[in-house]
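These notes are about the structure you will find just below.
The values are calculated or read from the model by the stated rules, or taken from the named source; none is laboratory data. For clarity, every value in this text was computed on a predicted model and none was experimentally measured. Cβ placement follows ideal geometry from the backbone for every residue including glycine, while neighbour counts extend to all protein chains displayed.
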Amino acid sequence: MNDNPFYRLAPFIQEYIYSHNWTELRSIQVEACRVIFETDNHLLLTAQTASGKTEAAFLPILTLLHENPGDSVGVLYIGPIKALINDQFYRLNDLLKEARIPVWHWHGDVSQSEKQKLLKHPEGILQITPESLESLLINKATQLAKLFGDLRFVVIDEVHAFMGSDRGRQILCHLARLSRYMKNQPRRVGLSATLGDHSLAEQWLQSGTSRSVSTPTAESGQRKIRLSLEHFYRMSVPDIEKTPIEKDTNSQSEDDLISEADRYSEYIYQQTAGKKCLIFANSRQDTEKITASLRQLAIANNSPDIYHVHHGSISAPLREAAEEAMRDPYKPAVVAATVTLELGIDIGQLERIVQLSAPYSVASFLQRLGRSGRRGGAAEMWFVCDEAPLSDKDLLPDQIPWQLIQAIAIIQLYLEEQWVEPIAQIKYPFSLLYHQTMSVLSTGELSPAVLAAQVLTLPVFEKITQADYKELLLHLIKLDHIQQTEERGLIIGLEGEKIVRNFRFYAVFPDSEEYAVKVDSFSIGSVVMPPPVGERFALAGRTWQVEEIDLNRKVVFVRQVRGKSQNSWNGAGGNIHTKILRRMRQVLMEDESYPYLQKRATERIAEARRLCRYNRLSYCNIFSLGGNSHTLLPWLGTTGYRTLERVLKFLCKEAVGIKSVRGYPPYFITLEMSGSPEDLRREMASWCAQGIIGEALLDKDEAPRLQKYDEFIPDKLLRKTFTADHLNLAELTRLANELRAD
């Protein structure tokens, strides 16, 4: 190939580049062209957000498709969310105006007429979510050969969002099942801005195929980053009114607390006023609360309402309105979001990211940071951490600003090591095994041997034995999810039909049935459990009063009212890696002054370090709180912490006289025990020395149900996956050694 790959690209692409005033191809685009044009390998493209990864993948792929059109869909693009697919759909349509290569998108918001056009003349590029691809496999099984028989490329965007999850394993199952309808093995292209160990991503991308994976290293230049971290004590006014506070010299007065709450919101208001900003929060409730506060401050300052909310319970029109406001280059806009805007939707030139509290991972920090700093500008992120006000009644571990030190640890792990969490490896995804078994059977009767051959050969089930699978099938026959015919074949049973024929079956992640919230016919969003008529709640950053509830249609009719209110959604926090906890301990032990800390955060860290040194918290894992109460600081991540809790409850309880085990996962555990810390150290060391069996950390009849379809899995198999995939005994051995050294 010519040293300049520009001349190898299709003429319409060259014209597109000229018309958009590109002066040259970026390094990653040059390298992608080399791999696509000169090799037969899969391709993994990893580079920071806005580095041109999407174009790097599609420019050479579209050139090959233009030169040699296929007899079916030529490129399958799989994206994690509909908004990202819609965004890429419009970008590709702009690129392909003159190419006569159609672009299709397929999800719940796409009209049936558009889908029928694709089914009638399958060609070009199909953009789809994993859930819609599952629907195709089930409902269009007879048309799959026509749709994908000549598929050349599979592009998987945001691969880090899929790897290590059942959703990512579902994609690998899809590709393996589709391969039975294809003439040739398509090449895969993975895109990500957030990967640590490239080898794990390469293994994932390669799963079930014989091709090698090329991961080019492209020069991207030194990334400019601006960071700020500030700290506040915060309590909402309603909480203050309900909570009596003793007024002594060491506690804050009610007026002080109200002032603190004002300062917190005012600080965020000042950092975002008149700017194009994203505010990331770790919960939907926090996005609602901060948006309501900012709106009130804007009213008080006679400023325009530029505030939006973007999360999974907001209606599609309101989410799209928020995205459009962010794209408008002439007007400021502030959007408070959860993970829904963490992925690579093009939302224009952002000036600043604000992060409320600490994210759960370095990967999330990088993904959110990358939303700003596009087109050569510095990526800018302002952390704002808050905690409940301190009082003399707080126990020692409650006086540590966990969120503040977690934010510092995450930042430092990236700045010092460029470390990103490795992807968790799951051996026994039995919930997904149920899902794929029912999906395969939904297309018609199969013998047990043929069903096992089709399902167990899918790459994600390689650790599952024939015996385990037989046990699952016999269990599903008992539940009537599967029936055995007179010919000894297997079909979907009556109870199974209720599951498979529901549109919610296509998704492998848990979901909850929500009530639609409407003003007349306009949809605002949804809530899990509607308040009674006359009650108020927050949604889309505004306050609503319930006027009527239609239980049959699951619709809540509301009207907008003034003032603040709260809402809550069910949902668990993210998993935190042990390395983050270890770096948090180092933050408390070292004297390092971090340049991004603002005045209040600097003072709070200094105070926490003095506390830790005085009580030797950084050096001693277990210490007395007085009487029979003790606190254990394990410095373990979520999985290690979970394992430790069970070791204390099931193995150490009798020997050490443990009465209760409480805590604040994954930061500390509080124990009520008659034994001494030395007794606990010896007992844990003894158990680790003789080797802990995972089964010993479960009650006799316990079978934890953690995944969507676990309710249909035999207890024996649930116990197996829990001990293998959700506990970490190796980390307990390391902790026992540290306790022995205290």
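For segment 295-346, the set of residues classified as among the hydroxyl-bearing types (S, T, Y) and without any contact (Cβ under 8 Å) to a residue 12 or more places away in the chain consists of Y330 only. Scanning segment 411-470 for residues that are crowded, with 17+ Cβ neighbours inside 10 Å, under 30 Å from L227 (Cα atoms) and of a type in the set (D, E) yields a single hit, E421.
Taking into account only those residues within segment 515-562 that are within 21 Å of T287 (Cα to Cα) and of a type in the set (S, T, Y), which is modelled with the highest pLDDT? My answer is S523.
Keeping to segment 503-549, report how many residues are hydroxyl-bearing (S, T, Y), assigned to a loop (DSSP other than H, G, I, E, B) and touching a residue at least 40 places away in the same chain (Cβ under 8 Å). Result for segment 503-549: 1.
Which members of segment 647-676 meet the condition of being surrounded by fewer than 19 Cβ atoms within 10 Å (Cβ to Cβ), in a helix (DSSP H, G or I) and touching a residue at least 24 places away in the same chain (Cβ under 8 Å)? Passing the criteria: F650, A655. Filtering G370, G377 for residues that are modelled with pLDDT under 90, over 30 Å from S629 (Cα atoms) and in contact with a Lys or Arg (Cβ under 8 Å, 6 or more places away or on another chain) leaves a single hit, G377. Each residue in segment 601-628 was checked for being assigned to a strand (DSSP E or B) and in contact (Cβ under 8 Å) with a residue 60 or more places away in the chain, and 3 of them qualify.
Any residue at all in segment 101-118 that is outside any loop (DSSP other than H, G, I, E, B), in contact (Cβ under 8 Å) with a residue 60 or more places away in the chain and surrounded by 13 or more Cβ atoms within 10 Å (Cβ to Cβ)? No, segment 101-118 contains no residue that is outside any loop (DSSP other than H, G, I, E, B), in contact (Cβ under 8 Å) with a residue 60 or more places away in the chain and surrounded by 13 or more Cβ atoms within 10 Å (Cβ to Cβ). Residue count for segment 514-566, restricted to those that are touching a helix residue (DSSP H, G or I) at 6+ places or on another chain (Cβ under 6 Å) and either over 18 Å from G312 (Cβ atoms) or not small (G, A, S) (or both): 1.
Between E288, E230, E246, the distinction of being at pLDDT below 90 and of a type in the set (D, E) belongs to E246 only. Of the numbered criteria (1) assigned to a helix (DSSP H, G or I); (2) free of Cβ contacts under 8 Å to residues at least 40 places away in the same chain; (3) of a type in the set (D, E, K, R), the one D394 fails is (1). When segment 441-466 is filtered for residues that are of a type in the set (A, V, I, L, M) and assigned to a helix (DSSP H, G or I), the ones remaining, listed by number, are L441, A449, V450, L451, A452, A453, V455, L456, V460. Quick check: is even one residue across segment 567-581 of a type outside the set (V, I, T), at pLDDT 90 or above and not in a loop (DSSP other than H, G, I, E, B)? Checking segment 567-581: at least one residue is of a type outside the set (V, I, T), at pLDDT 90 or above and not in a loop (DSSP other than H, G, I, E, B).
Among the residues making up segment 162-210, those that are among the hydroxyl-bearing types (S, T, Y), in contact with a Gly (Cβ under 9 Å, 6 or more places away or on another chain) and assigned to a helix (DSSP H, G or I) are S179, Y181. Among the numbered criteria (1) farther than 30 Å from S283 by Cβ; (2) in contact with a His (Cβ under 7 Å, 6 or more places away or on another chain), which one does V508 miss? It is condition (1) that V508 fails.
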